[in-house]
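Step one of this worksheet: look at the structure below.
The values are calculated or read from the model by the stated rules, or taken from the named source; none is laboratory data. The model shown is predicted, which means the values in this text are computed figures rather than measured ones. A quick note on method: Cβ atoms are made from the backbone with ideal geometry, for glycine too, and the neighbour counts reach across all protein chains shown. For the accessible areas, the whole protein counts, side chains as well, though only heavy atoms, and no ligand, DNA or RNA atoms are used. Shrake-Rupley method; radii C 1.70, N 1.55, O 1.52, S 1.80 Å.
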2 protein chains.
Amino acid sequence: MLSERQMMILRAVVRDFTNSGVPVGSKALAKQLPIHVSSATIRNEMAALEELGLIRKTHSSSGRIPSVEGYRYYVDHLVKPDPLRPNDLNMIQSSLGGDFHKIDEIISQSATILSNLTSYTAFTLKPELKDSRLSGFRLVPLGHRQIMAILVTDSGDVENQTFDVTEAVTGEQLEAVVRLINDQLVGLTLPAVLQKLQTDIPAKITHYLQSPQGFLDIFGDVLTRAAQERFYVGGRLNLLNFSQDSDVDSLKALYSLIDKTDDIADVLGQPRDNISVQIGNEMTNDALRYYSLITATYDVNQHGRGMIAILGPTRMPYSRMIGLLGAFREELAKKLLDYYRHYDE
Amino acid sequence: MLSERQMMILRAVVRDFTNSGVPVGSKALAKQLPIHVSSATIRNEMAALEELGLIRKTHSSSGRIPSVEGYRYYVDHLVKPDPLRPNDLNMIQSSLGGDFHKIDEIISQSATILSNLTSYTAFTLKPELKDSRLSGFRLVPLGHRQIMAILVTDSGDVENQTFDVTEAVTGEQLEAVVRLINDQLVGLTLPAVLQKLQTDIPAKITHYLQSPQGFLDIFGDVLTRAAQERFYVGGRLNLLNFSQDSDVDSLKALYSLIDKTDDIADVLGQPRDNISVQIGNEMTNDALRYYSLITATYDVNQHGRGMIAILGPTRMPYSRMIGLLGAFREELAKKLLDYYRHYDE
DNA sequence: ATTTAGCAATCTCTTTCGTTAAGTGCTAAT
DNA sequence: ATTAGCACTTAACGAAAGAGATTGCTAAAT
């Protein structure tokens with residue numbers, strides 16, 4: 001258990017260091033703290049905090065910087081979300097103010113806004129019902145032996161893909177296949193569909209197609225694509241700002257990570273409640289060792305729950321970022337409710 | 001006009017410098033050149049070459065490196081394409097060997113292969129007929145007031161987009177609109193379609209839709225998207241390898257450039273004949289000052305002409321890269337002809 | 001029992017200086 | 001036309017020195 005004074009010091013160390021990037025010494029603290037004590041006293045307290053593993057030195061005679069545990073204590077017990085700057089609120093509202101024809105545009109736009117506001121990298125995930133189900137399937141002949149397969153889920157996701165077929169396929173054949181899919185598979189969850197696709201369907205589909213493998217592949221592709229949670233990313237390039245002395249390799253690892261949908265979904269993990277902060281090596285992924293991730297959920301009533309997140313250096317102004325995410329998710333939820341109000345029956 | 005010996009020296013300077021990255025001195029050259037002259041003689045010749053602006057020093061007593069003009073002379077007069085390494089040929093053939101369902105997969109895969117072979121960034125553009133024309137248009141109702149618009153061009157490009165509609169729209173209305181578009185616009189070039197979209201169509205379409213603006217916007221979007229030449233990019237991250245001492249700003253400029261389809265299309269420019277090299281500031285774009293671009297066209301008979309390109313540091317092994325691109329475009333053309341043979345009538 | 005002043009010790013950062021190695025240009029001899 | 005020889009220039013490296021910041025510790029003060 002920390003004393004009041006120790007908390008005060010830890011808070012000041014975090015605040016100073018996240019602002020300046022320079023280790024903070026006892027003298028600077030003594031000068032700025034509201035209580036009147038000498039630097040020697042601060043030094044004693046700092047030694048205690050170091051003993052507890054909350055702060056550390058970069059070399060034997062340097063000032064202190066927060067350790068991962070120190071940041072953790074700070075965000076768990078000491079941080080107070082900054083109120084949103086009026087400018088930022090304006091920026092959010094005007095960027096979300098326009099007319100959108102698709103949810104995805106709002107969500108993708110949100111990633112851009114967030115990355116601009118923070119100058120970090122932002123992720124957004126649209127509100128999603130748990131276990132979305134297949135609600136419709138189409139095959140549209142495009143001429144030239146091209147066909148487009150379209151898949152719709154009950155959460156409104158649309159996934160599509162065109163492919164070329166070698167053999168001539170008639171409209172009746174296509175309709176038969178579509179009917180088969182819609183009869184057998186609509187209403188099931190996507191994993192269940194994927195399951196049946198390998199068991200029941202192949203036998204049945206041979207009634208209509210001579211060589212169904214191509215079709216099954218395509219359908220499987222589109223299906224797995226639809227089953228993946230889809231993230232939008234804003235401000236990719238901002239990661240360049242924090243690369244330590246051009247450490248190209250770790251930068252490449254980082255970019256590979258955020259570009260692989262599966263991997264980054266893993267990192268963001270299950271929607272935690274509210275706002276959650278993950279710091280440095282608290283994340284198991286090695287590429288994120290020197291970064292922190294702040295995630296926040298947002299609720300759109302019966303339309304499900306989505307997520308927004310920002311990824312920046314461990315040394316980031318947490319109070320500002322937490323305040324920002326908190327405010328942003330409310331604006332976003334509002335906007336989405338508004339959107340649904342227009343388009344729902 | 002350069003003497004034989006001067007050419008020999010220039011060639012050696014380029015070869016050495018692109019290999020080692022270190023300025024080349026007279027002594028090293030004297031040792032490696034096939035003719036037997038002293039370093040002092042080489043120095044005299046080098047002074048002459050410098051006078052001509054083909055090579056330059058990095059500081060007053062350094063060895064020489066090629067200037068942009070020197071590289072230019074080299075690729076125009078001295079370079080001899082390296083024959084393809086057997087390994088590379090294997091790699092190309094096995095990567096292109098599989099079965100593909102879409103041309104775009106072949107082209108996109110090609111970008112990846114090229115970037116792997118070169119460890120630079122690669123661009124590929126699919127074979128395209130000049131002035132492709134609108135060949136089909138569909139509106140597919142997806143339920144939930146979602147509609148997908150699909151546009152097909154006579155070169156086989158498919159572009160699509162879903163959108164949500166506020167008012168209820170009946171199947172008959174959609175069919176009427178589709179019929180209108182297909183009657184009035186199919187067969188025209190895309191710019192012509194875009195033109196008519198703003199003049200003739202709005203008046204006619206109000207027969208079928210109360211508020212056609214949303215639809216017109218979407219159609220316009222899809223159209224402009226289809227009219228853009230679409231590039232595939234491979235090995236984006238390879239650009240990180242050459243960033244001078246973490247010059248974040250120019251790196252950002254570079255990435256913004258290659259991610260904007262319009263801009264990069266501008267840079268690649270009109271398909272030149274054969275294989276073309278653009279060096280450093282020969283390209284007007286400032287972000288490319290320290291890079292070189294090698295482009296090559298490939299022909300797929302009546303199916304049009306496409307382009308492949310690689311972007312790497314000015315100091316790149318041109319002979320190897322030119323040989324590589326030359327071989328690759330032949331393999332790619334072969335593969336595409338093969339592909340069309342299966343899918344054409 | 002705390003707190004503080006004082007101080008030696010430690011470490012980084014920057015500057016300076018000398019050394020080495022590579023390379024050039026020029027001159028005079030071949 | 002070529003070459004040997006040499007003075008000169010510069011980058012790169014490392015050692016040395018000094019400035020500045022900060023710590024831990026000790027002993028005195030509160």
**Item:** Per-copy distances of the A:Met7 label point, shortest first, in nm (7 angstrom along Cα→Cβ)
**Value:** 8.2
**Item:** Helix-only CD estimate at 222 nm, as mean residue ellipticity for the protein assembly as shown, using -39500 (n - 2.57) per DSSP H run (n ≥ 4)
**Value:** -14500 deg cm²/dmol
**Complete:** Output row for B:Asn19: copy-to-copy label distances, label 7 Å along Cα→C-beta, ascending, in nanometres, one decimal, is 5.7
**Asked** On alpha-carbon atoms, Rg over Rh for the protein assembly as shown using Kirkwood Rh?
**Response** 1.03
**Message:** Taking the alpha-carbon distance from A:Lys27 and a cut-off under 21 Å, which lysines remain once sequence neighbours fewer than 8 residues away in the same chain are dropped?
**Reply:** A:Lys57
**Request:** Provide an ascending nm list, one decimal, of label-point separations from B:Gln184 to the equivalent residue in each further copy; define each label point as 7 Å from Cα along Cα→Cβ.
**Result:** 4.3
**Message:** How large is the convex hull of the C-alpha atoms of chain A per residue, in Å³?
**Reply:** 174 Å³
**Item:** Gained length - A:Ile35 relative to A:Gln213, 0.36 nm times residue gap less alpha-carbon distance
**Value:** 56.5 nm
**Prompt:** If you place +1 on the Cβ of every Lys and Arg and -1 on the Cβ of every Asp and Glu, how big does the dipole about the Cα centre of chain A come out, in debye to the nearest 20?
**Reply:** 1440 debye
**Message:** What's the total accessible area buried between chains A and B, using a 1.4 Å probe, rounded to the nearest 100 Å²?
**Reply:** 3400 Å²
**Message:** Tell me the angle of helix B:103-118 to the major Cα principal axis of chain B, expressed in degrees between 0 and 90 and rounded to the nearest ten.
**Reply:** 20 degrees
**Asked** In whole Å, how far is the Cα centre of the range A:19-71 from that of the range A:164-213?
**Response** 66 Å
**Complete:** Nearest 10, in degrees from 0 to 90: the angle of helix A:248-259 to the longest Cα principal axis of chain A is 50 degrees
**Request:** Would you calculate the separation in nanometres between label points at B:Asn301 and B:Asn182, each defined as 7 Å from the Cα along the Cα-to-beta-carbon direction?
**Result:** 3.0 nm
**Message:** Let's test the formula: R0 of 41 Å, r as the Cβ-Cβ distance of A:Asn19 and A:Arg341. What FRET efficiency results, to the nearest 0.05?
**Reply:** 0.45
**Asked** Looking at A:Ala28, B:Ala111, A:Gly312, which one has the Cα that reaches farthest to the positive end of the dipole of the protein assembly as shown (charges on Cβ: Lys, Arg +1; Asp, Glu -1)?
**Response** A:Ala28
**Request:** Please report the orientation-averaged projected area of the range B:134-227, defined via the convex hull of its C-alpha atoms, in nm².
**Result:** 5.2 nm²
**Fill in**
Any trypsin sites (Lys or Arg not before Pro) in the range A:98-187 that lie in a DSSP loop and have at most 10 other Cβ atoms within 10 Å would be A:Lys130
**Request:** Keeping all protein chains in place, calculate the accessible area per residue for the protein assembly as shown (probe 1.4 angstrom), answer in Å².
**Result:** 47 Å²
**Message:** For the pairs A:Lys130/A:Lys335; B:Lys196/B:Lys252; A:Lys130/A:Lys204; A:Lys126/A:Lys252; A:Lys102/B:Lys102, flag any whose C-alpha to C-alpha distance is greater than 32 Å.
**Reply:** B:Lys196/B:Lys252
**Item:** Other-chain or far-sequence residues with amide H under 5 Å of B:Ile55's (modelled H)
**Value:** B:Glu50, B:Ser67
**Request:** Please give the residues of the range B:119-139, grouped as numeric ranges, whose backbone N is less than 18 Å from a label point set 7 Å along the Cα-to-Cβ vector of B:Ser94.
**Result:** B:119
**Asked** Which shape class, rounded, prolate or oblate, goes with the range B:4-78 when its Cα gyration tensor gives a ≥ b ≥ c as root eigenvalues, a/c under 1.5 marks rounded, and past that a/b bigger than b/c marks prolate?
**Response** rounded
